[in-house]
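Written out below as structure tokens is the structure these notes cover.
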């Protein structure tokens, strides 16, 4: 399987803080790669650096074989990368429809694709003309993900989509992520919920102190409680 | 594909906040018995409406620029002054149109002045943004210093080009005088200013709500980083908004010059404080708030000027303080600000 995204020796400074300290990893095309690690390990910074929201101070980021580090964020987005931030960042003053119209950059909304999205996020259809600011946290997360997939993208960067959500909504998001995977989209997913990671992840990269400290398959990490404890300080049993 | 849970509980019905919109009516209700004469009240109220819509025209660009890019442009008044001088340049060679006893020719010269002022100010806005604003994105203190410097430079250039004296600018023949409803006088030019202001308000509202550019501006006011992450070059959008805001300031300058029937290089600087009060009172980044703030400022200025002329000097500051005590973010701030 070829790598769609590859980072090599990426360093990122935010002010005087040296957050990413030589990140190297690849995300295989068509797979869901989990980016795990404790709080403060540098996962969000990695996604924001890929997206060009923070500049890499050294190293290279390549997408589909083309270097993208240093490109402005809109160019990176137009290359085929969608970003779902941890904060969801829906436009609260705009309706659900208007949020999706903006995400469909180059044309009208595709009805069949909308129906596909409504299949796993029916709330978005129900509240189509409601302001995004009036949605619940879970519905905002659905909208944020829908915005990323309303047009075909090659790579999705998703940051902690299940954080703070009720279990029923987490289930809906897992179904959505599996559906996105079936559609052949490559996903780089930051997630603290190990059950979610286990259900949707193909590969896993674990970060600590701004570096990748483990690479492997999600299945092998899920099967190795000792490794989980060592890398993540958690027990899978405790999260089931 | 699996249909899943969370069709969602019914959303709370969006609460429409009418209270700020009622403020102008409340002020008028309070002022009416104090003024006493109905005709004087009508005359003052209509004059306020006209002044308010002219202030709105000048302030709308400022509020969008601040809302979209967090840029404090203290040089906004420079475009008002330039617009006013453009009016004198257009009126001078077309004095026969202005003095003709023809409404069409009279309106034609005003329309031409508006077009020229908007075009020149829009183009100068491009230069101003590239030279002064772009290097200081995200640095409020430097923005204040640089744009204030820009205002001073423009003002001095206008003195150098047009001289230090006030230039008279007579109203076209058909727009002199007033319509009378009973004893109340509705000045013809003020009626035109109301129409122009309302057209601009409706145009801006439709653009912001029913076009993709408008959606982008509204989204950019809320979260410009996410707009960029969706693939839009917000700096280009900002440049367009800045140029449009400068053009609107120039247009407002034409109306203000005709309203005062004179032009002076300091007109922009003197109006800048008023525009700040309008924008802060109305809520940053909001066109509806800007219109409401401008109307309130004009009503309070006119009523106070009639009832207590000495108080008129501080009436708008008092209004702003009162509004901020009631609504610390202004009457109708744009999302999140």
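Bear in mind these aren't lab numbers, they're just calculated from the coordinates by the rules spelled out. Here the structure is a predicted model, which means the values were calculated and not measured. Glycine also receives a Cβ, built like all others from the backbone with ideal geometry; neighbour counts cover every protein chain displayed.
Counting each DSSP H run of 4 or more residues in chain A as -39500 (n - 2.57), what helix-only mean residue ellipticity at 222 nm follows after dividing by all residues, to the nearest 500 deg cm²/dmol?
Estimated from H runs of four or more residues: -10000 deg cm²/dmol.
Which residue fluctuates the most in chain B, going by a Gaussian network model with Cα springs under 10 Å, if the choices are B:149, B:268, B:182?
B:182
So for the pair residue A:224, residue A:183, with labels modelled 7 Å out along Cα→Cβ, what separation do we get in nm?
3.4 nm
Please state, to two decimals, what the Cα-based radius of gyration of chain A comes to when divided by 2.2 N^0.38 Å (N = residues).
Ratio of Cα Rg to 2.2 N^0.38 Å: 0.98.
Rounded to two decimals, what is the ratio between the C-alpha radius of gyration of segment A:143-240 and 2.2 N^0.38 Å?
1.10
Among A:211, A:230, A:131, determine the one that fluctuates most according to a GNM of chain A built with springs between C-alpha atoms less than 10 Å apart.
Looking only at A:211, A:230, A:131, the largest GNM fluctuation is found for A:230.
With an 8 Å Cα cut-off and a minimum separation of 6 or more residues, compute the relative contact order for segment B:274-337 in percent.
Relative CO of segment B:274-337 lands at 44 percent.
If I stretch the segment between residue B:325 and residue B:19 completely, what's the gain in nm (0.36 nm per residue apart, minus their alpha carbon distance), one decimal?
The residue B:325-residue B:19 span can extend by a further 108.7 nm.
Looking at the protein assembly as shown from every direction and averaging, what is the projected area of its Cα convex hull in nm²?
30.3 nm²
Sort B:326, B:256, B:97, A:116 by Cβ crowding within 10 Å, fewest neighbours at the top.
Fewest-to-most ranking of B:326, B:256, B:97, A:116: B:326, A:116, B:97, B:256.
What order do you get for B:189, B:56, A:118 when you list them from fewest to most C-beta neighbours inside 10 Å?
A:118, B:189, B:56
Calculated FRET efficiency, residue B:28 and residue B:101, Cβ-Cβ r, R0 56 Å, to nearest 0.05?
The pair residue B:28/residue B:101 has a calculated efficiency of 0.95.
Checking a compactness column here: for chain B, what do you get for Rg(Cα) / (2.2 N^0.38 Å), N being the number of residues?
Here the Cα radius of gyration is 1.05 times the empirical estimate.
Against the longest principal axis of chain A, how steep is helix A:111-120, in degrees 0 to 90 to the nearest 10, with axes from Cα atoms?
On a 0 to 90 degree scale, this one is about 60.
For chain B, what is the calculated [θ] at 222 nm in deg cm²/dmol (nearest 500), taking -39500 (n - 2.57) for each run of four or more DSSP H residues and dividing by its residue count?
About -24500 deg cm²/dmol.
Antiparallel DSSP bridges in chain A: what percent, to the nearest 5?
Looking only at bridges with both residues in chain A, the antiparallel portion is about 55 percent.
Can you tell me the 0 to 90 degree angle between the C-alpha axis of helix A:137-149 and the longest principal axis of chain A, rounded to 10?
90 degrees
Could you order the peptides B:156-165, B:276-285 from most to least packed, using the average number of other C-beta atoms within 10 Å per residue?
Ranking, from highest mean packing down: B:276-285, B:156-165.
When Cβ neighbours within 10 Å are restricted to other protein chains, what is their mean count per residue of peptide B:221-227?
6
Specify the inter-centroid distance of segment A:115-185 and segment B:101-130, based on alpha-carbon positions, in whole Å.
Here the answer is 48 Å between Cα centres.
Residue A:62 label point, 7 Å along Cα→Cβ, cut-off 17 Å on backbone N: hits in segment A:2-46?
Within reach of a label on residue A:62: A:2-11, A:23-30.
So what's the angle, to the nearest 10 degrees on a 0 to 90 scale, between helix A:167-182 and the longest Cα principal axis of chain A?
For helix A:167-182, the angle is close to 80 degrees.
What is the antiparallel percent of DSSP beta bridges lying wholly in the protein assembly as shown, to the nearest 5?
60 percent
For segment B:211-337, what class follows from the C-alpha gyration tensor (a ≥ b ≥ c being the square roots of its eigenvalues): rounded when a/c is under 1.5, otherwise prolate if a/b is larger than b/c, else oblate?
Oblate, because a/c is 1.5 or more while a/b does not exceed b/c.
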